[in-house]
Every structure is written in C-alpha cells, then in structure tokens.
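A short worksheet on the structure shown next.
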Amino acid sequence: MVGADLHSPNFVKLAEPYGVRTEGSEALESALREALAADAPSLIEMPVGMMPTPFT
C-alpha cells in the first residue's frame, strides 16, 4: 500500500487476558480443562523444542 505504514499488533499483549502459559503435559491437561470449562475464548501457550523444517 503506497503511503501507509502498516504495523502488526503486539500479539502477546493481545493474548494475555485470554491465555495461560504451560510447561509439561500435566500443566497442559489442566489448562485445557480450565479453558473448556470457562465457556469463553482461551489461549494456551505451550513451548516446544526445535522442530524440523517441513521444506526439506
């Protein structure tokens, strides 16, 4: 777009009111149960290790 400065929103800040960060399978199970019971939008962040590229 000519003459427009487009910026992506800060997705981390947007997600904070809706989400929870988990680590480990037990924490993920608990977070899933809580999200499903909330009957509201939810976001669960689960850090993972390096993944292979799908383009090889």
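Since every read-out is calculated from the coordinates, none of them should be taken as a lab result. The structure displayed is predicted, hence computed values, not measured ones. A quick note on method: Cβ atoms are made from the backbone with ideal geometry, for glycine too, and the neighbour counts reach across all protein chains shown.
Some points to look at:
- Nonlocal amide H pairs with G19, under 5 Å, H built at 1.01 Å: L43
- About the centre of its Cα atoms, the chain shows a dipole size close to 140 debye [charges on the beta carbon of Lys, Arg (+1) and Asp, Glu (-1) only; nearest 20 debye].
- Our summary gives the chain a relative contact order of 35 percent, counting only alpha carbon pairs under 8 angstrom and 6 or more residues apart.
- Extent along principal axes [Cα atoms of the chain; Å; largest to smallest]: 48, 36, 15
- Other residues within the sphere of radius under 12 Å centred on the Cβ of A27, judged by their own Cβ, net out at -3 (K and R +1, D and E -1).
- Highest average first, the peptides 3-12, 17-26 ordered by how many other beta carbon atoms sit within 10 Å of their residues are 17-26, 3-12.
- Helix 25-38 axis versus longest C-alpha principal axis of the chain: approximately 80°, rounded to the nearest ten.
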